[in-house]
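The values are calculated or read from the model by the stated rules, or taken from the named source; none is laboratory data. For clarity, every value in this text was computed on a predicted model and none was experimentally measured. Because the Cβ atoms are built from the backbone with ideal geometry, glycine has one as well, and the counts that use them run over all protein chains shown.
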């Protein structure tokens with residue numbers, strides 16, 4: 001099985017210039033938005049419709065929203081608003097994507113195009129995009145993970 005690389009990127013604490021330069025320099029051709037809420041005014045340049053335009057014009061890349069990899073709202077609320085533990089959130093999210101059988105519903109072949117998972121968190125350490133990447137890597141095998 002050929003090796004595959006899945007990338008990830010967060011947009012907070014970045015300027016638009018840094019964000020799009022990073023994607024372009026990494027050769028990303030598809031950005032997979034794994035946020036539950038992708039139209040918030042707080043997202044600035046990373047709102048769904050604006051992002052689709054900027055990616056096409058600046059990076060010659062496609063945009064796709066993938067709700068299969070998004071957490072549920074109540075999970076986010078428990079973690080963020082109620083100050084839940086990261087370990088609990090991680091376990092609940094892992095159970096959710098396992099239950100959704102994302103490794104069967106998403107095509108490994110579709111990741112042959114250099115793809116980055118997008119979420120808001122600047123680093124992937126405490127972000128569900130890292131958990132999703134690790135899950136797919138384990139399920140599919142032969143997958144390298146690279147956080148931009």
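Criterion first (crowded, with 18+ Cβ neighbours inside 10 Å, part of a helix (DSSP H, G or I) and within 16 Å of the chain's Cα centre (by Cα)) does residue 68 satisfy it? So residue 68 does not fit the description; no. Checking the condition farther than 24 Å from residue 143 by Cα, modelled with pLDDT of 95 or more and surrounded by 13 or more Cβ atoms within 10 Å (Cβ to Cβ), which residue from 23, 36, 55 passes? Residue meeting the stated conditions: 55.
Any chance region 96-106 includes a residue that's modelled with pLDDT under 95 and within 22 Å of residue 145 (Cβ to Cβ)?
Step one: of region 96-106, the residues modelled with pLDDT under 95 are none.
So far as region 96-106 goes, no, none of its residues is modelled with pLDDT under 95 and within 22 Å of residue 145 (Cβ to Cβ).
Would you tally the residues in region 77-107 being outside any helix (DSSP H, G or I) and either surrounded by 11 or more Cβ atoms within 10 Å (Cβ to Cβ) or touching a residue at least 40 places away in the same chain (Cβ under 8 Å) (or both)? Spell out how you get there, then give the answer.
At the first step, the residues of region 77-107 found to be outside any helix (DSSP H, G or I) are 81-85, 101, 106-107.
Now narrow it down to the ones that are either surrounded by 11 or more Cβ atoms within 10 Å (Cβ to Cβ) or touching a residue at least 40 places away in the same chain (Cβ under 8 Å) (or both): 84, 101, 106.
So the answer is 3.
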